[in-house]
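The values are calculated or read from the model by the stated rules, or taken from the named source; none is laboratory data. Everything numeric here is computed off the predicted structure, so don't read it as measured data. We place every Cβ from the backbone using ideal geometry, glycine too, and count neighbours over all the protein chains shown. All accessible areas refer to the heavy atoms of the entire protein, side chains included, with ligands and DNA or RNA removed. Shrake-Rupley method; radii C 1.70, N 1.55, O 1.52, S 1.80 Å.
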Amino acid sequence: MAGKITQQTADEVFRKAKAANRHFITELTETGAISAAELAHTMSQAFSAPLLDMDALDAQRLPKDLLDPKLSASYRILALSKRGGRLIVATADPSDHEAAERVKFATQMGVEWVIGEFDKLTRLIEAHTKSATEAMDSIVGGDFEFDEASLGGDTPTEETEAPQTDVEDAPVVKFLHKMLVDAFNMRASDLHFEPYEHNYRVRYRIDGELREIVSPPVAIKEKLASRIKVLSRLDISEKRVPQDGRMKLKIGPDRVIDFRVSTLPTLFGEKIVIRILDPSSAKLGIDALGYEPIEKERLLKAIERPYGMILVTGPTGSGKTVSLYTCLNLLNKPGVNIATAEDPSEINLPGVNQVNVNEKAGLTFAVALKAFLRQDPDIIMVGEIRDLETADIAIKAAQTGHLVLSTLHTNDAPTTLTRMRNMGIAPSTSRRV
């Protein structure tokens with residue numbers, strides 16, 4: 001220590017720190033072998049790093065989204081600002097290579113050390129991290145209880161495993177669980193986790209309208225994204241491209257809810273949208289769909305026909321998929337062969353042959369439809385008619401003895417004919433359908 005303490009003293013302090021599993025700097029300052037101020041000056045000179053008075057900083061004004069608060073507390077470091085691709089971090093020990101590597105991994109930025117006195121830095125870190133923890137606790141509520149085993153997905157592979165601090169932080173785990181449970185109880189169809197430069201918000205889509213529910217601390221965005229990715233068996237190290245996955249939540253002793261997860265890289269982090277897929281919604285019966293009596297009668301008559309096409313239209317979140325699954329549930333009998341092509345299959349229906357479209361592998365809606373026609377089907381369901389080829393095959397299947405069900409993204413039923421003509425379907429064909 002540049003003559004401040006003897007080598008014997010340093011070795012003795014090091015042995016004590018190692019035996020107690022404590023940081024060397026912590027042990028050194030607490031034993032009184034050297035003061036925090038002297039140590040900071042020595043480190044500043046030895047590593048040619050700027051020395052900063054921590055008392056001059058306000059914990060409430062420090063950026064909360066640059067570094068995970070738990071990482072800050074664990075390594076006694078504090079992110080002050082960022083410049084280009086480098087993060088300015090205050091520390092009492094710039095020789096801590098493990099801390100530098102963890103920061104680089106978590107932020108994908110280089111580290112530029114600024115030296116602070118150990119005792120002052122510790123107080124500032126505690127004040128900074130306490131505010132984020134208190135904010136999370138106030139959102140979740142002290143009386144919220146959950147069984148962590150009820151929320152999960154497939155077992156993560158080696159590629160998807162994350163550091164424990166990223167995916168098992170208790171406030172984040174409880175927060176995610178509460179958001180999913182609340183969304184289900186409020187009959188939401190989707191959850192949106194949206195990061196922005198200075199704030200972070202969670203919105204639910206209820207009855208087709210997005211409603212802001214809560215604004216958690218910006219600092220949790222990375223941990224929350226990692227937690228969701230691990231549960232959905234996604235690659236947590238990949239933040240540059242969109243990803244899709246699934247996870248499950250156990251509600252009660254015999255009810256499991258599926259969630260479809262979609263991530264999207266944005267300017268200030270990954271936006272995550274979770275679609276709620278309740279298998280029981282397809283088994284509620286047609287009365288639960290809210291149709292008027294005359295419309296309900298028309299739909300029941302239509303699905304009883306041996307062939308033809310039934311198109312369900314409407315905007316996003318209007319209930320098209322649930323309507324189709326309800327119809328399939330009514331038609332699903334031992335003597336009927338049903339095949340579906342979806343992107344992806346949202347609700348699992350035993351007795352129905354469900355196929356996930358995979359365009360990268362060449363399995364498009366059109367390819368799946370052609371294959372279905374060689375599988376002796378009675379009823380075919382296409383998740384969505386997107387192009388002329390799919391529409392043409394579906395219409396021909398409907399005209400040759402098959403019952404075809406599908407969705408079309410139009411706002412109302414009359415616009416369906418116009419949309420099909422714009423796709424290239426002949427007017428005479430669309431009139432017959």
Open item on the list: Out of the residues in the range 305-326 meeting the condition of being hydrophobic (A, V, I, L, M, F, W, C) and either in a loop (DSSP other than H, G, I, E, B) or touching a strand residue (DSSP E or B) at 6+ places or on another chain (Cβ under 6 Å) (or both), tell me which one is most open to solvent (accessible area, probe 1.4 Å).
Closed with: 311
TODO: Please indicate, with yes or no, whether at least one residue in the range 335-342 is surrounded by fewer than 14 Cβ atoms within 10 Å (Cβ to Cβ) and either closer than 29 Å to residue 209 by Cβ or touching a residue at least 60 places away in the same chain (Cβ under 8 Å) (or both).
DONE: no
- [ ] Report yes if residue 291 is aromatic (Phe, Trp, Tyr), open to solvent by less than 50 Å² (accessible area, probe 1.4 Å) and either closer than 30 Å to residue 349 by Cβ or not in a strand (DSSP E or B) (or both), otherwise no.
- [x] no
Task: Single condition residue 191 does not satisfy, out of (1) under 13 Å from residue 272 (Cα atoms); (2) open to solvent by 40 Å² or more (accessible area, probe 1.4 Å); (3) aliphatic (A, V, I, L, M) - done: (2)
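Determine if the range 30-50 includes at least one residue that is closer than 30 Å to residue 268 by Cβ, of a type in the set (A, V, I, L, M, F, W, C), open to solvent by less than 50 Å² (accessible area, probe 1.4 Å) and at pLDDT 70 or above. Steps first, answer last, please.
Initial filter on the range 30-50 (closer than 30 Å to residue 268 by Cβ): 49-50.
Next, only the ones that are of a type in the set (A, V, I, L, M, F, W, C) stay: 49.
Then drop every residue that is not open to solvent by less than 50 Å² (accessible area, probe 1.4 Å), which leaves 49.
If we keep only those that are at pLDDT 70 or above as well, we get 49.
Checked the range 30-50: at least one residue is closer than 30 Å to residue 268 by Cβ, of a type in the set (A, V, I, L, M, F, W, C), open to solvent by less than 50 Å² (accessible area, probe 1.4 Å) and at pLDDT 70 or above.
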TODO: Just name the residue that is nearest to residue 259 (Cα to Cα) out of those in the range 218-242 that are open to solvent by 20 Å² or more (accessible area, probe 1.4 Å) and assigned to a loop (DSSP other than H, G, I, E, B).
DONE: 233
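Within the range 374-391, take every residue that is open to solvent by 20 Å² or more (accessible area, probe 1.4 Å) and at pLDDT below 90 and give me the one that is nearest to residue 425 (Cα to Cα).
The residue in question is 388.
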TODO: Among residues belonging to the range 350-365 that are surrounded by 19 or more Cβ atoms within 10 Å (Cβ to Cβ) and at pLDDT below 90, point out the one that is farthest from residue 243 (Cα to Cα).
DONE: 365
Open item on the list: If I ask for residues that are touching a residue at least 24 places away in the same chain (Cβ under 8 Å), surrounded by 14 or more Cβ atoms within 10 Å (Cβ to Cβ) and either part of a loop (DSSP other than H, G, I, E, B) or among the charged types (D, E, K, R) (or both), which ones from the range 51-75 would you list?
Closed with: 52, 57, 62, 64, 65, 66, 67, 68, 70
